Amino acid sequence: GQQLNQSPQSMFIQEGEDVSMNCTSSSIFNTWLWYKQDPGEGPVLLIALYKAGELTSNGRLTAQFGITRKDSFLNISASIPSDVGIYFCAGRQGGSEKLVFGKGTKLTVNP
Amino acid sequence: NAGVTQTPKFQVLKTGQSMTLQCAQDMNHEYMSWYRQDPGMGLRLIHYSVGAGITDQGEVPNGYNVSRSTTEDFPLRLLSAAPSQTSVYFCASSYSSPGVLGGYTFGSGTRLTVV
(Lines give C-alpha, C1' and ligand atoms only; values in the text may rest on other atoms or scores of the structure.)
Protein backbone atom coordinates (compact mmCIF):
# COMPACT_ATOMS: atom_id res chain seq x y z
CA GLY A 1 0.00 0.00 0.00
CA GLN A 2 0.95 3.66 -0.28
CA GLN A 3 3.53 4.72 2.29
CA LEU A 4 3.85 8.03 4.06
CA ASN A 5 7.29 8.59 5.55
CA GLN A 6 7.01 10.62 8.70
CA SER A 7 10.01 12.02 10.55
CA PRO A 8 11.38 12.20 13.07
CA GLN A 9 10.08 9.10 14.84
CA SER A 10 10.46 10.77 18.23
CA MET A 11 11.48 14.10 19.70
CA PHE A 12 12.53 15.13 23.19
CA ILE A 13 12.39 18.89 23.73
CA GLN A 14 12.30 21.47 26.48
CA GLU A 15 9.19 23.47 27.23
CA GLY A 16 9.20 26.67 25.19
CA GLU A 17 11.10 25.24 22.22
CA ASP A 18 9.70 25.14 18.69
CA VAL A 19 9.08 21.78 16.99
CA SER A 20 9.12 20.77 13.32
CA MET A 21 8.08 17.47 11.80
CA ASN A 22 7.35 16.38 8.26
CA CYS A 23 5.73 13.79 6.10
CA THR A 24 6.83 12.76 2.61
CA SER A 25 5.65 10.42 -0.12
CA SER A 26 6.73 9.30 -3.55
CA SER A 27 3.18 9.94 -4.79
CA ILE A 28 0.99 13.00 -5.10
CA PHE A 29 -1.72 13.64 -2.52
CA ASN A 30 -4.76 15.90 -2.84
CA THR A 31 -5.26 16.37 0.89
CA TRP A 32 -2.92 16.37 3.85
CA LEU A 33 -4.18 16.07 7.41
CA TRP A 34 -2.43 16.31 10.76
CA TYR A 35 -3.74 14.48 13.83
CA LYS A 36 -2.68 14.34 17.48
CA GLN A 37 -3.16 11.31 19.71
CA ASP A 38 -3.10 11.63 23.48
CA PRO A 39 -2.23 8.50 25.49
CA GLY A 40 -5.15 6.08 25.66
CA GLU A 41 -7.26 8.07 23.23
CA GLY A 42 -8.08 8.12 19.54
CA PRO A 43 -6.44 10.61 17.16
CA VAL A 44 -7.95 14.08 16.93
CA LEU A 45 -7.78 16.22 13.80
CA LEU A 46 -5.60 19.33 14.16
CA ILE A 47 -5.27 20.80 10.67
CA ALA A 48 -6.51 19.93 7.17
CA LEU A 49 -4.76 21.15 3.98
CA TYR A 50 -6.35 21.02 0.52
CA LYS A 51 -4.16 23.02 -1.87
CA ALA A 52 -0.50 22.90 -2.84
CA GLY A 53 1.37 25.68 -1.04
CA GLU A 54 -1.42 26.18 1.50
CA LEU A 55 -0.28 27.38 4.93
CA THR A 56 -2.78 26.97 7.77
CA SER A 57 -2.54 27.76 11.47
CA ASN A 58 -4.42 26.50 14.50
CA GLY A 59 -3.19 28.40 17.55
CA ARG A 60 0.50 27.58 18.01
CA LEU A 61 0.36 24.97 15.25
CA THR A 62 1.14 25.74 11.63
CA ALA A 63 1.04 23.24 8.78
CA GLN A 64 1.95 23.53 5.11
CA PHE A 65 0.96 21.56 2.01
CA GLY A 66 4.15 21.13 -0.02
CA ILE A 67 4.38 22.66 -3.50
CA THR A 68 5.16 19.29 -5.07
CA ARG A 69 2.06 17.81 -3.34
CA LYS A 70 4.31 15.02 -2.08
CA ASP A 71 5.00 16.41 1.36
CA SER A 72 3.64 18.34 4.31
CA PHE A 73 5.12 19.98 7.39
CA LEU A 74 3.85 20.69 10.90
CA ASN A 75 5.40 23.25 13.21
CA ILE A 76 4.56 23.80 16.88
CA SER A 77 5.76 27.03 18.42
CA ALA A 78 6.59 27.61 22.09
CA SER A 79 5.83 24.04 23.15
CA ILE A 80 4.03 23.34 26.43
CA PRO A 81 3.69 20.09 28.42
CA SER A 82 0.21 19.34 27.03
CA ASP A 83 1.71 19.11 23.52
CA VAL A 84 2.97 15.65 24.54
CA GLY A 85 1.54 12.90 22.35
CA ILE A 86 1.87 11.23 18.99
CA TYR A 87 1.40 13.35 15.87
CA PHE A 88 0.24 11.62 12.70
CA CYS A 89 0.14 12.86 9.16
CA ALA A 90 -2.49 11.43 6.82
CA GLY A 91 -3.07 11.85 3.12
CA ARG A 92 -5.73 11.24 0.53
CA GLN A 93 -4.97 10.63 -3.11
CA GLY A 94 -7.25 11.73 -5.93
CA GLY A 95 -10.10 9.30 -6.56
CA SER A 96 -9.42 7.36 -3.37
CA GLU A 97 -11.88 6.83 -0.54
CA LYS A 98 -9.07 5.94 1.86
CA LEU A 99 -6.87 7.90 4.24
CA VAL A 100 -3.27 6.69 4.51
CA PHE A 101 -1.43 7.44 7.74
CA GLY A 102 2.22 7.93 8.58
CA LYS A 103 3.82 6.01 11.44
CA GLY A 104 3.73 9.00 13.76
CA THR A 105 6.10 11.32 15.61
CA LYS A 106 6.16 10.85 19.38
CA LEU A 107 6.72 14.18 21.13
CA THR A 108 7.97 14.48 24.70
CA VAL A 109 8.14 17.91 26.33
CA ASN A 110 10.25 18.34 29.43
CA PRO A 111 9.02 21.08 31.79
CA ASN B 1 -23.79 13.96 20.95
CA ALA B 2 -21.73 10.81 21.66
CA GLY B 3 -19.65 10.84 18.45
CA VAL B 4 -18.00 7.48 17.69
CA THR B 5 -18.55 4.86 20.39
CA GLN B 6 -16.47 1.69 20.54
CA THR B 7 -17.13 -1.29 22.78
CA PRO B 8 -15.56 -3.00 24.58
CA LYS B 9 -12.61 -0.80 25.64
CA PHE B 10 -10.50 -3.81 26.65
CA GLN B 11 -10.71 -7.48 25.68
CA VAL B 12 -8.59 -10.59 26.20
CA LEU B 13 -9.20 -13.54 23.88
CA LYS B 14 -7.75 -16.99 23.61
CA THR B 15 -6.28 -18.10 20.31
CA GLY B 16 -9.02 -19.42 18.07
CA GLN B 17 -11.88 -17.56 19.74
CA SER B 18 -14.11 -15.27 17.72
CA MET B 19 -15.55 -11.94 18.73
CA THR B 20 -17.11 -8.75 17.40
CA LEU B 21 -15.82 -5.27 18.09
CA GLN B 22 -18.69 -2.83 18.08
CA CYS B 23 -18.66 0.65 16.58
CA ALA B 24 -21.55 3.10 16.46
CA GLN B 25 -21.76 6.75 15.42
CA ASP B 26 -24.63 9.17 15.89
CA MET B 27 -23.49 11.87 13.45
CA ASN B 28 -25.20 10.46 10.34
CA HIS B 29 -21.79 9.87 8.75
CA GLU B 30 -21.71 7.86 5.55
CA TYR B 31 -18.04 6.88 5.67
CA MET B 32 -16.67 4.53 8.32
CA SER B 33 -13.39 2.68 8.71
CA TRP B 34 -11.50 0.35 10.99
CA TYR B 35 -7.81 0.85 11.69
CA ARG B 36 -5.37 -1.05 13.83
CA GLN B 37 -2.49 0.58 15.65
CA ASP B 38 0.66 -1.31 16.49
CA PRO B 39 3.86 0.13 18.01
CA GLY B 40 6.02 1.72 15.32
CA MET B 41 3.50 0.87 12.58
CA GLY B 42 1.15 3.82 12.73
CA LEU B 43 -2.48 3.31 11.75
CA ARG B 44 -3.23 0.67 9.15
CA LEU B 45 -6.58 0.40 7.41
CA ILE B 46 -8.42 -2.91 7.85
CA HIS B 47 -11.80 -2.35 6.16
CA TYR B 48 -13.86 0.64 5.21
CA SER B 49 -17.41 1.49 4.12
CA VAL B 50 -18.72 4.34 1.99
CA GLY B 51 -22.33 3.77 3.02
CA ALA B 52 -24.83 1.23 4.27
CA GLY B 53 -24.49 -2.04 2.42
CA ILE B 54 -21.09 -1.16 0.90
CA THR B 55 -17.77 -2.33 2.31
CA ASP B 56 -14.27 -2.78 0.92
CA GLN B 57 -10.88 -4.04 2.03
CA GLY B 58 -8.06 -1.90 3.27
CA GLU B 59 -4.39 -2.62 3.70
CA VAL B 60 -4.60 -5.48 6.25
CA PRO B 61 -8.00 -7.23 5.88
CA ASN B 62 -7.02 -10.86 6.46
CA GLY B 63 -8.69 -12.43 9.50
CA TYR B 64 -11.36 -9.75 9.76
CA ASN B 65 -14.90 -9.39 8.44
CA VAL B 66 -17.20 -6.39 8.38
CA SER B 67 -20.76 -5.58 7.44
CA ARG B 68 -22.69 -2.32 7.25
CA SER B 69 -26.41 -2.97 7.59
CA THR B 70 -27.18 0.51 8.97
CA THR B 71 -25.59 3.95 8.64
CA GLU B 72 -24.89 4.03 12.38
CA ASP B 73 -23.13 0.71 12.99
CA PHE B 74 -19.98 -0.85 11.58
CA PRO B 75 -18.96 -3.97 13.55
CA LEU B 76 -15.61 -5.69 13.04
CA ARG B 77 -15.52 -9.47 13.42
CA LEU B 78 -12.48 -11.53 14.25
CA LEU B 79 -13.19 -15.00 12.90
CA SER B 80 -10.48 -16.99 14.71
CA ALA B 81 -8.26 -14.81 16.88
CA ALA B 82 -4.49 -15.08 16.55
CA PRO B 83 -1.73 -13.52 18.69
CA SER B 84 -0.78 -11.37 15.66
CA GLN B 85 -4.14 -9.63 16.07
CA THR B 86 -3.13 -8.23 19.44
CA SER B 87 -3.46 -4.51 18.81
CA VAL B 88 -5.43 -1.35 19.48
CA TYR B 89 -8.38 -1.04 17.11
CA PHE B 90 -9.88 2.29 16.14
CA CYS B 91 -13.16 2.93 14.41
CA ALA B 92 -13.55 6.23 12.55
CA SER B 93 -16.30 8.01 10.64
CA SER B 94 -16.74 11.03 8.40
CA TYR B 95 -19.67 12.77 6.73
CA SER B 96 -18.05 12.84 3.31
CA SER B 97 -15.11 11.03 1.78
CA PRO B 98 -12.31 11.53 4.32
CA GLY B 99 -10.00 14.29 3.21
CA VAL B 100 -12.59 16.03 1.04
CA LEU B 101 -14.05 18.08 3.89
CA GLY B 102 -11.97 17.44 6.96
CA GLY B 103 -10.92 14.01 8.13
CA TYR B 104 -12.17 11.16 10.21
CA THR B 105 -13.57 11.40 13.73
CA PHE B 106 -12.08 8.56 15.75
CA GLY B 107 -13.43 6.51 18.62
CA SER B 108 -11.35 6.00 21.75
CA GLY B 109 -10.24 2.50 20.75
CA THR B 110 -10.51 -1.14 21.77
CA ARG B 111 -7.40 -2.71 23.25
CA LEU B 112 -7.34 -6.38 22.28
CA THR B 113 -4.94 -9.00 23.58
CA VAL B 114 -4.91 -12.50 22.12
CA VAL B 115 -3.16 -15.12 24.26
Return the residues of the range A:35-58 for which accessible area with all protein chains present is lower than in the chain on its own by 50 Å² or more; set the probe to 1.4 Å and exclude ligands, DNA and RNA. A:Pro43, A:Tyr50
Distances over 33 Å make up what percent of all Cα-Cα pairs in the protein assembly as shown? 16 percent
Contact order relative to length of chain B, as percent, for alpha carbon pairs under 8 angstrom and 6 or more apart: 36 percent
P(r) for the range B:27-66, please, calculated from all Cα pair distances in 5 Å bins and given in %. 7, 23, 28, 21, 13, 7, 2
Using only the Cα atoms of the range B:1-111, what are the Rg and Dmax in Å? 13.1, 41
For the range B:20-27, Karplus couplings with θ = phi - 60° (6.51, -1.76, 1.60), whole Hz, Gly/Pro x: 10, 8, 9, 9, 9, 10, 10, 10
Give me the one-decimal nm value for the distance between modelled label points at A:Gln3 and B:Arg111, 7 Å along each residue's Cα-to-Cβ direction. 3.0 nm
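To the nearest whole number, what is the average tally of beta carbon atoms from other chains within 10 Å of the beta carbons of peptide A:99-107?
Taking the mean over all residues of the peptide, I get 5.
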From other protein chains only, count the Cβ atoms within 10 Å of every residue's Cβ in B:44-56, then give the mean. 1
Counting protein heavy atoms only and a 1.4 angstrom probe, how many square angstrom of accessible surface do chains A and B bury in total, to the nearest 100? 1800 Å²
For chain A, just run the numbers: alpha carbon Rg, then divide by 2.2 N^0.38 Å, N being how many residues it has. 1.02
Please provide three numbers in whole Å: the alpha-carbon extents of the range A:1-59 along the principal axes, with the largest listed first. 34, 27, 22
Which distance in nm do the two modelled labels at B:Leu101 and A:Ile80 give, with both placed 7 Å along the Cα-to-Cβ direction? 3.2 nm
Sticking with the crude label model, points 7 Å out along Cα→Cβ, report the distance from B:Asp26 to A:Asp38 in nm, one decimal please. 2.1 nm
Rounded to the nearest whole Å², what accessible area per residue is found for chain A with the 1.4 Å probe? 46 Å²
Mean other chain Cβ within 10 Å across B:32-39 is 2
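How large is Rg/Rh for the range B:75-115, to two decimals, with Cα atoms and a Kirkwood Rh?
On the way: Rg = 13.4 Å, Rh = 12.0 Å.
Checking Rg against Rh, the ratio lands at 1.12.
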Of all accessible surface on the range A:1-106 at a 1.4 Å probe, what whole percent is carbon and sulfur? 50 percent
Between B:Thr70 and A:Ile13, what FRET efficiency comes out of the Förster formula 1/(1 + (r/R0)^6) with R0 = 30 Å and r the beta carbon distance, rounded to 0.05? 0.10
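The values are calculated or read from the model by the stated rules, or taken from the named source; none is laboratory data. This one's a predicted model, so the numbers in the text were calculated from it and none came from an experiment. Note that we place each Cβ from the backbone using ideal geometry, even for glycine, and neighbour counts take in every protein chain shown. Please note that ligands, DNA and RNA were not included when accessible areas were found on the heavy atoms of the full protein model with its side chains. Shrake-Rupley method; radii C 1.70, N 1.55, O 1.52, S 1.80 Å.
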